[in-house]
Amino acid sequence: MNTDQQPSIGLALSGGGFRATLFGLGSLWRLNEGGLLRRLTRITSVSGGSIVAGVLAHRWRQLNFVDDQARNFEEVVAQPVRDFCNQTIDVSTALLGHLTPFRSSGEVLARRYARDLFGETLLRELATPAEDHAPRFIFYATNMQTGRSFRFRQDYIADYVLGVSYNTEVPLAEAVAASSAFPPIFSPVLLKTEPSAWEQPQRELANLDKLRRRIVLADGGIYDNMGLEALLGKVDIVLVSDAGAPFEIDESPFEDDLLQLGRVRDILIEQTRALRKRSLIGDFKAGLRHGAYWGIGTAIDDYDDVDALASDNPLTAALQHIPTRLKAFTAKEQGRLINWGYALTDTALRTRTQLPLDAPHGWPVSAWPLH
């Protein structure tokens, strides 16, 4: 860890539909109240996590920081996220996309994000580290052609095989849509770019220009549901807010061919996620990395934190089983998910890191305490 200056801190916000959006909001809420939000140097996000990260990126310049806390965080970030999670968008978006000629569900999803959250804002127009003391925002998608992660940043888009493009203008809404385009409901999101705008490919392929011209993207969680790769080796302290649902044991897997393929997909994604999580926590324990992991299914009592805001109970256990949907969440579901993300973040930071953390202000959504 760099000891000559403040350590760099990266936060990963996982996928998991609106469940992840709200759980991640709770994590950001606690980081802000603890005076750490403005100290984040990188925020990576996947799928549902990209929705809340996108709102934060889009509205960063509106935040009023006083003593390292954004005093208007609830008004500027939290309320717009909660309003968006009050509506069901997955069914109508999927139907419209499949019934409308020449327009995919992913394109319809991007238009919905633009209409309700981001307007026509481009990635390059977002707040930057140099000018606005903002984190580097990295939105993950999966390139279905190269099989690699595809990254959207304020200053470039990148793929290990395709290289880097600094001159492609991409709307924020399109980046978030690609990150959350879970197949086969919302995928693909087609990104058209000029091949000559790319550089630094890792492989010289005969069809490289074709791959760059029409890029087929889907949910970032297919490749890395925690968005870890862009943090490892890039920051001193790695923080992971994981709202991925636990893998469900199925006594009677479907015999239908298509449904079997869906089950196989889920198993492969779960295996990758489990390996990444196991490796990260192993590195934490061995002192090879510094940071903290907290997941929606984490037992908060295992932290042995006498000052924990919550304890494990049926209310907290039920939250991990909320479906992975972009559907309207009730005020109760929203409040409890936000509070659970807040409580786990608080406990994980105080027991697993040496980061200075101001005392919590109480439940962010006081109407739905977790007891």
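Among the candidates 109, 63, 117, 99, single out the residue that is over 18 Å from residue 218 (Cα atoms) and either among the basic types (Lys, Arg) or touching a residue at least 40 places away in the same chain (Cβ under 8 Å) (or both). Reasoning before the result, please.
Numbers: 109 fails: over 18 Å from residue 218 (Cα atoms); 63 fails: either among the basic types (Lys, Arg) or touching a residue at least 40 places away in the same chain (Cβ under 8 Å) (or both); 99 fails: either among the basic types (Lys, Arg) or touching a residue at least 40 places away in the same chain (Cβ under 8 Å) (or both).
Among 109, 63, 117, 99, only 117 is over 18 Å from residue 218 (Cα atoms) and either among the basic types (Lys, Arg) or touching a residue at least 40 places away in the same chain (Cβ under 8 Å) (or both).
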ask   = Which fully enclosed helices (runs of 4 or more DSSP H) of region 135-246 have 2 or more residues being modelled with pLDDT of 95 or more?
value = 172-179, 208-213
ask   = Within region 37-56, is there a residue that is surrounded by fewer than 20 Cβ atoms within 10 Å (Cβ to Cβ), at pLDDT 95 or above and over 16 Å from the mean Cα position of the chain (by Cα)?
value = yes
query = Can you name every residue in region 172-183 that is surrounded by fewer than 19 Cβ atoms within 10 Å (Cβ to Cβ) and either among the hydrophobic types (A, V, I, L, M, F, W, C) or in contact with a Leu (Cβ under 8 Å, 6 or more places away or on another chain) (or both)?
reply = none
request  = Tell me, yes or no, whether region 192-199 has at least one residue that is out of contact with any Pro (no Cβ under 6 Å at 6 or more places or on another chain) and surrounded by 17 or more Cβ atoms within 10 Å (Cβ to Cβ).
outcome  = yes
key: Close pairs from region 5-29: first without any contact (Cβ under 8 Å) to a residue 40 or more places away in the chain, partner buried (at least 24 other Cβ atoms within 10 Å of the Cβ), Cβ under 9 Å, at least 6 apart   = none
request  = Please state which of the following conditions residue 321 fails to meet, knowing it meets all the rest: (1) in contact with a helix residue (DSSP H, G or I) (Cβ under 8 Å, 6 or more places away or on another chain); (2) surrounded by fewer than 14 Cβ atoms within 10 Å (Cβ to Cβ).
outcome  = (1)
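Within region 294-341, take every residue that is in a loop (DSSP other than H, G, I, E, B) and polar (S, T, N, Q) and give me the one that is nearest to residue 86 (Cα to Cα).
From region 294-341, those in a loop (DSSP other than H, G, I, E, B) are 296-299, 304-313, 320-330; that's our starting set.
Next cut, polar (S, T, N, Q) only: 298, 311, 313, 320, 324, 330.
Values: 298: 26, 311: 28, 313: 26, 320: 19, 324: 15, 330: 7 Å.
Within region 294-341, the match that is nearest to residue 86 (Cα to Cα) is 330.
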task = Return the pairs, sorted by first residue and then second, in which the second residue is hydroxyl-bearing (Ser, Thr, Tyr) and surrounded by 13 or more Cβ atoms within 10 Å (Cβ to Cβ), the first residue lies in region 300-328 and is free of Cβ contacts under 8 Å to residues at least 24 places away in the same chain, the beta carbons are less than 6 Å apart, and the residues are 6+ apart or on different chains.
result = 301/311
inquiry  = Yes or no: region 353-362 includes at least one residue that is closer than 20 Å to residue 242 by Cα, out of contact with any Lys or Arg (no Cβ under 7 Å at 6 or more places or on another chain), modelled with pLDDT of 95 or more and hydroxyl-bearing (Ser, Thr, Tyr).
reply    = yes
request  = Scan region 1-43 for residues that are outside any strand (DSSP E or B), over 26 Å from residue 329 (Cα atoms) and among the small types (Gly, Ala, Ser) and jot them down.
outcome  = 8, 34, 35
query = Counting only residues that are at pLDDT below 95 and part of a helix (DSSP H, G or I), how many does region 83-110 have?
reply = 14
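What residue, of 294, 368, 340, is among the hydrophobic types (A, V, I, L, M, F, W, C), crowded, with 18+ Cβ neighbours inside 10 Å and without any contact (Cβ under 8 Å) to a residue 60 or more places away in the chain?
Working: 294 fails: without any contact (Cβ under 8 Å) to a residue 60 or more places away in the chain; 340 fails: without any contact (Cβ under 8 Å) to a residue 60 or more places away in the chain.
Only one candidate passes the filter, namely 368.
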query = Name the residues in region 94-126 that are closer than 30 Å to residue 61 by Cα and among the polar types (S, T, N, Q), would you?
reply = 121
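The values are calculated or read from the model by the stated rules, or taken from the named source; none is laboratory data. Keep in mind the model is a prediction, meaning the values are calculated, not measured. In this analysis, Cβ positions are derived from the backbone assuming ideal geometry, glycine residues included, and neighbour counts consider all displayed protein chains.
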